[in-house]
Every structure is written in C-alpha cells, then in structure tokens.
Amino acid sequence: MSVLDIKKFPDPILRQVATPVTEFDTTLRRLVDDMIETMYVSNGVGLAAPQIGVSKRIAVVDVSEDRTQQLVVINPTIVSRTGSDSAEEGCLSIPEYRDTVTRSKELKLQAFDHMGKQYELDAQDLLARCLQHEIDHLDGVLFIDHLSRLKRDMFRRWFKKRAEA
Ligand code: NI
C-alpha cells in the first residue's frame, strides 16, 4: 500500500464531476487500499478519489474510534434523507479551515463495494455527515459551498491571506 498525495483547494480536479466506476478489477482494489491507507495516515474520517487526483466515483470512510470500520463507497446514490443537523467540518483538501455545515441527519445509501457487490446502508449523525461530504466531492462540491455568502467571503479572505503568507 502507498500513501497518496492529497490535492488541495483550489486544484481544478476538486471541481470536476467524477465518472462512475465500470471495472471492479485489481487496479481498482489497489487504488481503494491506497485511499484507505492515505485516509488513516492523514487522520481523516473520509477521502474521495478526486482528492488524490482520480476523477472516479469512489470514496472511503471510517468514523469509528479505533479506525477499523472502513467503508468503501463506489458509485453511491443517496436514496432518501431525513432531518437536519449542524456540526463543524473540515476537509483534507482545505487544511486548517473548519466551519459549521448543515446537512441531513439520516440517510439511506446505495453503493457498491470494492468487489462490485451492491449494498444498502442506513446512516445517522457523523457517518451520514461524512458520507454526504464525500459524495459531494464526487460532484465537485466542497463543504465551503454550503456556507452562507458571508461565511464564504470570510473563507476567501482567510485563503487569500494564507496564500500570501
Ligand atoms: Ni473533504
């Protein structure tokens, strides 16, 4: 396994709509293993393929305390959502910036695992939040896009200042 480089905002690949996976082969499984390794090394709760420069609909997630509950999410669809919940989020592609994002509290997910097996999952709270964040990445959406105009302006100023430093 190897640790991959994480693309940082404003890399344009983070804004592309990723394409579905069609081949569930050893190349895919190697990529998924590397993404899991990269997520753990980076202390992230999730990682989407565009973040490592691959514009495919693949994400890995682990919100467990002991980091043993990894979930492989390929070609995902959120089939239903309920409730709403606000909590602070960050993103490995936007290091050091955190802000509060409102998302659905519960959802039902349909996706494929690394072997190409389809599954359904009911997720709540942190897992539901993390899945929404990662699936957003597959559509070129970042958590800062969910902020109010005022907060987005604050982010832009923060980013500009940081880039100049
Ligand atoms: Ni992210």
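The table that follows gives values for the structure above.
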| item | result |
| --- | --- |
| Neighbours by Cβ (under 8 Å, 6+ apart or cross-chain): first from segment 127-149, over 11 Å from S93 (Cβ atoms); second of a type in the set (S, T, N, Q) and open to solvent by 30 Å² or more (accessible area, probe 1.4 Å) | G140/Q16; H146/T102 |
| Candidate set from segment 107-142 (those that are within 18 Å of Q69 (Cβ to Cβ) and among the charged types (D, E, K, R)); member that is farthest from the ligand (Cβ to nearest atom) | K117 |
| Top-ranked residue in segment 44-63 [being part of a loop (DSSP other than H, G, I, E, B) and away from the ligand (no atom under 13 Å from the Cβ); ranked as least open to solvent (accessible area, probe 1.4 Å)] | D62 |
| Residues of segment 73-107 classified as open to solvent by less than 60 Å² (accessible area, probe 1.4 Å) and not acidic (D, E), total | 19 |
| D153 in a helix (DSSP H, G or I) and open to solvent by 40 Å² or more (accessible area, probe 1.4 Å) | yes |
| Yes/no for L14 being within 14 Å of the ligand (Cβ to nearest atom) and either open to solvent by 60 Å² or more (accessible area, probe 1.4 Å) or assigned to a strand (DSSP E or B) (or both) | no |
| Search result, residues across segment 82-106 that are assigned to a loop (DSSP other than H, G, I, E, B) and within 16 Å of the ligand (Cβ to nearest atom) | L92, S93 |
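The values are calculated or read from the model by the stated rules, or taken from the named source; none is laboratory data. Keep in mind the model is a prediction, meaning the values are calculated, not measured. FYI the Cβ positions are ideal-geometry reconstructions off the backbone, even for glycines, and counts take in every protein chain you see. These area figures cover heavy atoms from the full protein model, side chains too; ligands, DNA and RNA do not enter into them. Shrake-Rupley method; radii C 1.70, N 1.55, O 1.52, S 1.80 Å.
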